[in-house]
Amino acid sequence: MSNAHHVAALSMFIALLLGGCGIRVRSLPAAPDAVYTRGVVAADHVIASRAGLEMLERGGNAVDAAVAASFCLAVARPYSCGLGGGGFMVIHLAADEPMPARNIAITYRETAPSGVSPDYYVQLETPDASRIGPHAVGVPGTVAGLFYALENFGTLDRATVLRPAIRAAEEGYTIDADYVEAAREVLDDLAEHPEWIDLVGRERFEWFRHRFLFDGRPRVGLVLRQPEAARTLRLLARDGAAAFYGGEIAAAIAGACPAMSVSDLARYEPRASRPITGTFHGRTIVAMPLPSSGGIAMLQTLGLLERRHGDLDAAACTSADYTHLFVEAMKHAFADRAQWLADDRFAEVHVECLLSGAYHDVLADRIDVNRTRPTNRYGSSGQLPDDVGTSHLSVVDRWGNAVACTETINLSFGALTAIPEVGLLLNNEMDDFLTITGQSNAFGLQQSARNLPEPGKWPLSSMSPTIVLGPDGRVEVVVGASGGPRIISSSLQAMLNVLLFDASAREAVSAARFHHQWKPDVLQFEDSWADAEVIEAMRARGHQIGHRDDSGVVQLIRRAGEGYGAASDPRKGGAPAGR
Ligand code: GLY
């Protein structure tokens, strides 16, 4: 369908229900930021934030800091991200005469290996094969992506940026409450699913259980040392990406994964492209293109909000009117995610149409300020466990360069499948494809046939690293999150807490959140949401209400005068580091 037809077809369903949105003021709990003027890194583990800061102090730029912090996270949050996974990075390079300012998006998402076909998981007839064990593994992209970023946009050498990660792997670190919770959750799942051990392979499983689950007895204060990972990191420092995508490591990964060949690894390439951009309240939003669904969903949501609420900046957050408007806009974005979005190298996706002002006019006009609608009235068509298997970090350096970087091995501890000899944990990113038609993925996300697995294809992602530039072109906000589809809603809420309500970074990140992903048709409030009146007002507008403990983990940096405030989400226990 052409863009014009697409919009015309949508307009048939328009109900013009414009109305006012009087919004009550409700302030966020006051939590002023420390202000950093010489650069800051906000990761979800303080070891990683400090690794990034170490690079800034050595004279490195934001990319050096992000790469050092990412490698360190592979060691410090092995259940969230790592060398066996993939990610996205959005970079803003400030103008540096004679170079103008530039924005770059790097995709290093895992690809489907050559042995899969669209009906691979149907044929396998093995429950959970897309989530647990070696069939779940996509070709890892993290090493290629991080070295690509370093070589093209960084200034320091490999050995320098890898040093903090090698140190953390060799010397070890004490595990925190978040680590213990993640490990205990996996142990509970394994008690319910003892068959997973055979899916993974007993020997690999025993090593994983010993190394990462502390033989079934994880507790805060134990020290995690990773000597095998340290050796691998040293090899990468010496030989670069070639050491991962060829030789002993590639052979070990391909040997463990039935659908993957050494050629799949040898062929792996990250993609550098232009980010997608939109405007909101005079700012430029620099967001991740496909295969991230997050950039498109965020720009759609912001486009709708801007249209329905010209005076949002004079309003208050977490009021019923604001919450409803936000949720309705997000439901449209998630409906379009389910229907249209996929790897655009394999499926035709009308991104310009989805981001066009005309289309946003149509969708914005369909929002009823008094009532939510049946699910088939969202988007242009007619979906959830906790996700601790992703990690986001934000960086700004003293020159005004910025990096937003989100990485993952998908679900907590990925496919639970390790390559012991090189200390790797492999992803289960194949579950982000539509693996069995009619079934939703681990996040409850429904997806179209456009997102069926094919060799070399990237599964659709919700990861949404984003940079907001102010009217003066300088970095105003760097944001992103972990949490599966909640990445989109939590990043947006934290960003808008800054842009609309001038929250400090700590306030923006700590504030209680809500989430809706169109299907299932449930509006979820975090348990910490204190205003029962708002929840009742949402019920009165027809929303089905649910509750959950946490909704996403956000790392955000915001401009504060001539410096920057930064926050790592208390939900995961990280801390920023800066000067
Ligand atoms: N693996 C979660 C995502 O990429 O959305």
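The values are calculated or read from the model by the stated rules, or taken from the named source; none is laboratory data. No experiment lies behind these values; they were computed from the predicted model shown. Here the Cβ is made from the backbone with ideal geometry for all residues, glycine too, and neighbour counts use every protein chain on show. Heavy atoms of the whole protein, side chains included, go into the accessibility calculation; ligands, DNA and RNA do not. Shrake-Rupley method; radii C 1.70, N 1.55, O 1.52, S 1.80 Å.
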task: Using the structure shown, decide if VAL351 is in contact with a helix residue (DSSP H, G or I) (Cβ under 9 Å, 6 or more places away or on another chain) and at pLDDT 95 or above.
output: yes
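Is at least one residue of region 406-428 farther than 19 Å from TRP340 by Cα, of a type in the set (Val, Ile, Thr), assigned to a loop (DSSP other than H, G, I, E, B) and under 16 Å from the mean Cα position of the chain (by Cα)?
Just the residues of region 406-428 that are farther than 19 Å from TRP340 by Cα, to begin with: 406-428.
Still in the running and of a type in the set (Val, Ile, Thr): 406, 408-409, 417, 419, 422.
Of the ones still in play, those that are also assigned to a loop (DSSP other than H, G, I, E, B) are 409.
Still in the running and under 16 Å from the mean Cα position of the chain (by Cα): 409.
Checked against the condition, which is being farther than 19 Å from TRP340 by Cα, of a type in the set (Val, Ile, Thr), assigned to a loop (DSSP other than H, G, I, E, B) and under 16 Å from the mean Cα position of the chain (by Cα), region 406-428 yields at least one hit.
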- line: Heads up, the strands (runs of 3 or more DSSP E) in region 461-553 (entirely inside) with at least 2 residues that are open to solvent by 30 Å² or more (accessible area, probe 1.4 Å) and more than 16 Å from the ligand (Cβ to nearest atom) are 545-548
message: Of the residues ARG225, ARG209, ARG217, only one is more than 22 Å from LEU146 (Cβ to Cβ), more than 28 Å from the chain's Cα centre (by Cα) and modelled with pLDDT of 95 or more; which?
response: ARG217
query: Across region 92-110, which residue is farthest from the ligand (Cβ to nearest atom) among those that are of a type in the set (A, V, I, L, M, F, W, C) and in contact with a Lys or Arg (Cβ under 8 Å, 6 or more places away or on another chain)?
result: ALA94
Candidates LEU150, LEU156 - the one that is of a type in the set (A, V, I, L, M, F, W, C), crowded, with 19+ Cβ neighbours inside 10 Å and outside any loop (DSSP other than H, G, I, E, B): LEU150
task: Mind telling me which of the residues GLY255, GLY246, GLY278, GLY216 ends up being open to solvent by 10 Å² or more (accessible area, probe 1.4 Å) and under 30 Å from GLY379 (Cα atoms)?
output: GLY278
Residues being buried (at least 24 other Cβ atoms within 10 Å of the Cβ) and within 16 Å of the ligand (Cβ to nearest atom) - total across region 388-430: 25
Wholly within region 27-116, strands (runs of 3 or more DSSP E) carrying at least 2 residues that are of a type in the set (A, V, I, L, M) and farther than 22 Å from ASP569 by Cα: 102-108
query: Which of the following residues is away from the ligand (no atom under 16 Å from the Cβ) and more than 30 Å from ALA577 (Cα to Cα): LEU355, LEU434?
result: LEU355
- line: Filtering region 56-83 down to residues that are on the phi > 0 side of the Ramachandran plot and under 16 Å from the mean Cα position of the chain (by Cα) yields GLY82
